[in-house]
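Notes follow once the structure below has been shown.
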């Protein structure tokens, strides 16, 4: 009896110790004795092994002393990481042996291989995307520590020259490095907590904070202490302090109006929000966002200005805090008024007639549906991932009346509308091109 008790205790202690080794994201512990590298530091000769989807199973950082080595840290739960993979493959082909774009993940090899074999988004490319990726990593993450993905490390001529988000991996930026130019991109700083107030007003008395008139909003330019377009919209109700807060960071004006107007949408339930997902102009599809302004350069880098300079002038941070537990929709409406007043704009939703791709039912029964969670694809997912996300086709809308819970067993298509339509017809649906009056985001100048 005593022996059983001791064994159970030891097993419990072991499980607790293993749990404590992992961080809050479930990642394994860092390797002890490794000093974190910063921008400007010389990179030691690191062995990078367990590489899949590449012609080399292992490499050393010293192999790239005269070339550009870019490490893109990712994991399967990071949608942005996965969405950027086709672009990374394309850039690798463009620059060839001048650079090495290597994805890096702490996750085990078997799960990553299975992911690449099954991910429908990556499989629809021709050829399918199988990113060169170091797996089972602990060493690189110990040298280059991060909290959130994507996390990108730029190493050139043996030194760390930049630490950025994914948005800086562009043709122009890579060429800039290869041309020997000094880069000064914003540092991706994971120590920044977007849920903590920018305005530290802790010295205010309780009487002031409890006043129904307490509140503030602040608008600033771009901050170099965080990455571009950090995380969309942040909302928090603090029951302990009886206050509510809404904020966004380093967003351009187009993104600001998209996320704020989306947040003003009233949804009684989460299911209602999902059902409307394929109809609202949240995605940055050109036909869903209409600019009727004199100065378009405030929204897009139309004059091909240096991207870093343009971002420094046209990205903004905003924070609003109010007394009481105010809902997200109300705060977003007030923030929209603030932004309209500051920038001399009027952003709103309007009904406009545009050419669309329309998912419709036919008189045939539905076929090849799957239970939710069985790696199928719903109509809203098709709208976002296959159509609107590519921005190559008219905006897609769903008139099937099916809920997002109805998913289909999708076969690979040829990447064309005709191919997707053929696949839809196999399921008892169709995809037609027609004009529809849909809700679009409109931004105009005001006096």
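A short reminder: the numbers here are calculations on the coordinates, not readings from a lab. Keep in mind that this is a model prediction, so the values were computed, not measured. So basically every Cβ, Gly included, is an ideal-geometry build from the backbone, and we count neighbours across all protein chains shown.
Based only on other Cβ atoms within 10 Å, what is the fewest-to-most ordering of 157, 322?
Least crowded to most crowded, the residues run 157, 322.
Using the average count of surrounding beta-carbon atoms within 10 Å as a protection proxy, the listed peptides 286-294, 423-431, 358-366 rank, highest first, as 423-431, 286-294, 358-366. Computed from the C-beta positions of residue 370 and residue 125 and an R0 of 22 Å, the FRET efficiency is 0.45 to the nearest 0.05.
Each DSSP beta bridge with both residues in region 351-438 is either parallel or antiparallel, and the antiparallel ones are about 80%. Here the extension length gained between residue 182 and residue 392 equals 72.1 nm, from 0.36 nm per residue of separation less the Cα-Cα distance. Using a simple spin-label model with pseudo-atoms 7 Å out from Cα toward Cβ, residue 23 and residue 350 lie 4.7 nm apart.
For percent of Cα pairs over 32 Å apart, the value computed from the atomic coordinates appears in the list (1) 39; (2) 50; (3) 65 under label (2).
If one computes the Cα centroid of region 26-67 and of region 336-386, what distance in Å separates the two points? With region 26-67 and region 336-386 each reduced to a Cα centre, they are spaced 41 Å.
Rounded to the nearest 5, the antiparallel percentage of DSSP beta bridges internal to the chain is 80%.
Per the Debye formula on identical point scatterers at the alpha carbon atoms of region 47-178, with no solvent, log10 I(q)/I(0) at q = 0.10, 0.19 Å⁻¹ is -0.28, -1.13. The ranking of 389, 213 by Cβ neighbour count inside 10 Å, starting from the fewest, reads 213, 389. Arranged from fewest to most other beta-carbon atoms within 10 Å of their beta carbon, 223, 211 become 211, 223.
Counted over region 47-178, the DSSP beta bridges are approximately 65% antiparallel.
In terms of its C-alpha gyration tensor, region 90-152 comes out oblate, because a/c is 1.5 or above while a/b does not outweigh b/c.
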